[in-house]
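What follows is a set of notes on a single structure, which appears directly below.
The values are calculated or read from the model by the stated rules, or taken from the named source; none is laboratory data. Every value quoted in this text rests on a predicted model; they were computed, and no experiment measured them. Virtual Cβ from ideal backbone geometry, glycine too; neighbours counted across all protein chains shown.
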Amino acid sequence: MNKIAVRCSGVTKSFGRTLAIQGVSLELEEGKFLALLGPSGCGKTTLLRLIAGFEVPDKGTIEIGGSTVSGPGVFIPPENRRVGIVFQDYALFPHMDVSRNIAFGLSKDVDRKKRVEEMLSLVGLKGLQSRIPHELSGGEQQRVALARAMAPGPAVLLLDEPFSNLDADLRIRIRAEVKGILTCAGATVVFVTHDQQEALFMGDLVGVMNRGRIEQIDTPQAIFERPATPFVAKSIGTADFITGTVENGLVTTEIGNLPVQEQLSLGETVSVMLRPKLVYILPDSKGIGIITERVFQGSHYLYRIQLPSGATVRSLQDRNCSYPVDTRVAIETNLDHNFVYFQENCESRGGPS
Amino acid sequence: MMRHARPPAVLWLSATLTAIGVLLPLAYLVLRASGAGMELWSLLFRTRTLDILGRTLILVIAVIGISLAISLPLAWLTQRTDLPLRRMWSILTVLPLVIPSYVAGFVIVAALGPRGILQQALAGPFGVERLPDIYGFPGAFLAVTLVAYPYILLPLQASIRGLDPRIEEVARSLGHGRWDTFRRVVLPQLRPAMAAGVLLVGLYTLRDFGAVSLLRYETFTWAIYLQYQTSFDRILAAGLSLVLVFMALAILFLEFHTRGKSHYHRTAASVSRSPAYVKLGRWQWPALGFCALVVLVALVMPVSILSYWLVRGFSGGGALWQTTGYALNSAYVSGLAAVVTAIAAISVAVLDVRYPSLFSRLLERITYIGFALPGIVIALALVFFGANYATLVYQTLALLVFAYAVLFLPQAVGSVRSSLLQVSPRLEEAARSLGRTPLQVLAAVTLPLVRPGILAGAGLVFLTTMKELPATLLLSPIGFKTLATSIWSATSEGSFARAAFPAVLLILLSSVPMAFLIVRGG
């Protein structure tokens, strides 16, 4: 096992009466990428700023590279933490050219010129060293910001919504480039995003945040297949929920009886997560569902189906299965699938182990 | 920088010292006045004080009234009608702003006073020995109005320019006539600008010393000066000063209040096209006549009178060298004031913007007291204080520069502050994460980025210091004369030829940046 680059335990932070971060704990190994995913206001940027040392936690400890930087009686200021940070708007110093920006964090005793050269070639900006920031494109500015943050060799690199300032078509290309640069440099990265595609693409680990807590932190695959809460289920991939009751080792729902892998207590009410790919529909005049919406997605149709209880589920169908809105349909699922159940208190039960 | 971090000690120490310095004169006055107790009240409630109060209020109200009457039509004509040479009129009518009030006072006395141009012109052919007395209210009213009305005109022009013409079109389409639309739709939208301008003019008039002293109209400032000059009655002078400060604070409070309420927004982010200009038709001639009259009285007359005395002064072998010396003195002391004030302003502004807390907000607010303190009040407080407790700096440039800093700190703080607000705190955080301490970040990132704001603030302080009169008059070391004091004393002594050259020089020096501002704001 690799060394731990960042460890947070029980970190809590409030601004006035608002609890921004509530008891967050996480560990990140060296060389790994952690994506903090969540809606705006969930506390992900605050967590990043706590790690960077721009905020002082109320409780809990933060370690970087094995030494405590925030904790009871300890507060190491940002300049002594060995963190590199790239802001959403890049925050390049407008009064300095590219090479002075990159050299800003280098100490006097390193060969600054050589290090700047190295960084320029790492981010692919050779020849642009004497440009000033506003002469650069958005993508170039971002690479300068990356180079500047990486130049002093930080223990961890923090990226705050790094791609949200770029055009949609540019974003996909740039994030691949950035991932390549960071992997090549062997950097340890914590980055914040509200875009699940970005989190899945960049993160070795994804931490899904909601209301100041990390609801689940795991590999993207594990999170997709076994989300800990309905919120997590909806954050990674698309998910709908229907209610069911546990009876004789089966869960009875309005779309049929579903298998249970783990013991659920008899008579318990649970909600079942359904991904659109697992919901099959067939036109049937006696079916229980009615198509209320049809969205063409190129190779597929995404249908929304209303059930008798009023709940809706979505179904992904091949493009040749075209049914008009208001069609009555029968609904089936793959009974071999390991379904994920949530109790009323949102704890996950079952699913593949 | 950090929302919950402590500011570096140097920063809050320097900001705190600045705030204490700003409070010092006022605190001393209060102390002095309260020391007198009942005696002060009986002094203040004599009829003479009420006379002064009455005269001051009459002047303030009269100047505000006439300024509004001049500015409203001027602003509308130059922004919204097809008046010929609109742009020229709109610039020319604002220009009197660069004339210091004591130069306006000089112009009035030199033109209409005894042995002034008018009297001399009439003396030859008609043998007129005396003109109706210009001293007192008429002269002071004319002089202050000449230089104060642009403070209403400028915000009105800007406000009319910013009006969304579509709102008027909607009103017209809903069946309101042109006049009705103006009254019910345009005028209410101009109210915030008018209120701001009115209060500015009020404050200007209240604080003015130059014009009222030269025209011998005894408002508070002139009365305080006389008190200081003749009897050296400290208690009464301090009491009068406090009343004046109280009135100025009231105006400032009103200004603050109206600014908070005036949130008028355009319906859309931008006006896509220029408004339809109202066709004046036959009214074009009276409109032109009105503009020409204002420019004639407020600009052409002062310039011609100054030129006349300038030529007379030169032909009489006026002391060119002496004036150059005054100019150098002015520039020197203004430069000192600009540097000192800018440094003080940086600490206050950085503390307030980057380390917001109740304390830093309080310090910032305290520095704005200079807006309310008339120069004569600061000067008086420092004269007493210096003579009693700080004899080492009394009668030195240090005390004078200190007075300037207290008076003009708000301008510098405002300028640095607004420039600082445009610098993203992310830049400073990036620098911190790259291994720099807060003070190193200030030097390497923040200060270079707010340099334009610092320079603009220092420039502003430099210019206002050049024009400042009462504090300079009371606090200058013996024998240290500046352009401002030489104009004032030459005019008081009736030697207009001696006053003309420094006056022209002063106007030229201060109008260059003014012209720049107008052209940019065009």
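Quick one: count up the residues across the range B:215-239 that are of a type in the set (A, V, I, L, M, F, W, C) and under 23 Å from B:Ile487 (Cβ atoms).
Counting residues in the range B:215-239 that are of a type in the set (A, V, I, L, M, F, W, C) and under 23 Å from B:Ile487 (Cβ atoms) gives 6.
Among the candidates B:Ala403, B:Ala430, the residue that is part of a helix (DSSP H, G or I) and over 19 Å from the mean Cα position of the chain (by Cα) is uniquely B:Ala430.
A count restricted to the range A:324-341 and to residues that are farther than 16 Å from A:Ile281 by Cβ and surrounded by 18 or more Cβ atoms within 10 Å (Cβ to Cβ) stands at 3.
For the range B:156-167, enumerate the residues that are in a helix (DSSP H, G or I) and within 17 Å of B:Ala75 (Cα to Cα).
First, pick out the residues of the range B:156-167 that are in a helix (DSSP H, G or I): B:156-162, B:165-167.
Once the filter is applied, which keeps residues that are in a helix (DSSP H, G or I) and within 17 Å of B:Ala75 (Cα to Cα), the range B:156-167 yields B:Leu156, B:Gln157, B:Ala158, B:Ser159, B:Ile160, B:Arg161, B:Gly162, B:Pro165.
For the range B:301-340, a residue qualifies if it is loosely packed, with under 14 Cβ neighbours inside 10 Å and of a type in the set (Val, Ile, Thr), and the qualifying residues are B:Val311, B:Thr324. Sub-6 Å Cβ pairs linking a first residue in the range A:302-329 that is more than 16 Å from A:Arg275 (Cα to Cα) to a second residue that is among the small types (Gly, Ala, Ser), at least 6 apart or interchain, are A:Arg319/A:Ser299; A:Arg328/A:Ser285; A:Arg328/A:Gly287; A:Val329/A:Gly287; A:Val329/A:Gly289, ordered by first then second residue.
Annotation: of all residues in the range B:454-494 being outside any helix (DSSP H, G or I) and hydroxyl-bearing (Ser, Thr, Tyr), the one that is nearest to B:Gly113 (Cα to Cα) is B:Thr482.
Check whether at least one residue in the range B:239-259 is of a type in the set (Gly, Ala, Ser) and modelled with pLDDT under 80, and report yes or no. Walk me through it before giving the result.
Here is the first cut: in the range B:239-259, the residues of a type in the set (Gly, Ala, Ser) are B:239, B:241, B:248, B:250.
From the residues that got through so far, the ones that are modelled with pLDDT under 80 too are none.
No, the conditions are met nowhere in the range B:239-259.
Exactly one residue out of A:Pro133, A:Pro77 is under 28 Å from the mean Cα position of the chain (by Cα) and either not β-branched (Val, Ile, Thr) or not assigned by TED's automatic domain parsing to the domain that holds A:Val192 (or both): that is A:Pro77.
I'm trying to understand the selection: among the residues of the range B:413-430, which are facing chain A (nearest Cβ under 7 Å) and aliphatic (A, V, I, L, M)? Explain how you work it out, then say what you get.
Filtering the range B:413-430 down to residues facing chain A (nearest Cβ under 7 Å) leaves B:424, B:426-427, B:429-430.
Hits for the range B:413-430 are B:Leu427, B:Ala430.
Take B:Leu439 and decide whether it is more than 10 Å from chain A (Cβ to nearest Cβ), touching a Pro at 6+ places or on another chain (Cβ under 8 Å) and either part of a helix (DSSP H, G or I) or not charged (D, E, K, R) (or both). The answer is yes for B:Leu439.
The set of residues in the range B:343-362 being surrounded by 15 or more Cβ atoms within 10 Å (Cβ to Cβ) and out of contact with any Ser or Thr (no Cβ under 9 Å at 6 or more places or on another chain) consists of B:Tyr355, B:Ser357, B:Ser360.
May I ask you to verify whether A:Lys277 is without any contact (Cβ under 8 Å) to a residue 24 or more places away in the chain and of a type outside the set (S, T, N, Q)? The answer is no for A:Lys277. Scanning the range A:113-153 for residues that are small (Gly, Ala, Ser) and within 13 Å of chain B (Cβ to nearest Cβ) yields A:Ala145, A:Ala147, A:Ala149, A:Ala151, A:Gly153.
Of all residues in the range A:69-101, those being within 7 Å of chain B (Cβ to nearest Cβ), among the charged types (D, E, K, R) and assigned to a loop (DSSP other than H, G, I, E, B) number 1.
Restricting attention to the range A:13-39, the residues being part of a strand (DSSP E or B) and within 14 Å of chain B (Cβ to nearest Cβ) number 6.
The residue that is surrounded by the fewest Cβ atoms within 10 Å (Cβ to Cβ), among those in the range B:85-106 that are without any contact (Cβ under 8 Å) to a residue 40 or more places away in the chain and hydrophobic (A, V, I, L, M, F, W, C), is B:Leu85. The condition of being under 25 Å from B:Leu427 (Cβ atoms), in the same structural domain as A:Leu158 (by TED's automatic domain parsing) and not in a strand (DSSP E or B) holds for A:Ile51.
Checked against (1) at pLDDT 90 or above; (2) farther than 17 Å from A:Thr193 by Cβ; (3) more than 10 Å from chain B (Cβ to nearest Cβ), A:Val110 passes all but condition (1). Just checking, does the range A:197-210 include any residue being buried (at least 18 other Cβ atoms within 10 Å of the Cβ), touching a Pro at 6+ places or on another chain (Cβ under 7 Å) and within 17 Å of A:Tyr90 (Cβ to Cβ)? Scanning the range A:197-210, I find no residue that is buried (at least 18 other Cβ atoms within 10 Å of the Cβ), touching a Pro at 6+ places or on another chain (Cβ under 7 Å) and within 17 Å of A:Tyr90 (Cβ to Cβ), so the answer is no. Would you please name the residue that is nearest to A:Pro162 (Cα to Cα), looking only at residues in the range A:41-58 that are modelled with pLDDT of 90 or more and away from chain B (no Cβ under 14 Å)? Checking each candidate, the answer is A:Lys44.
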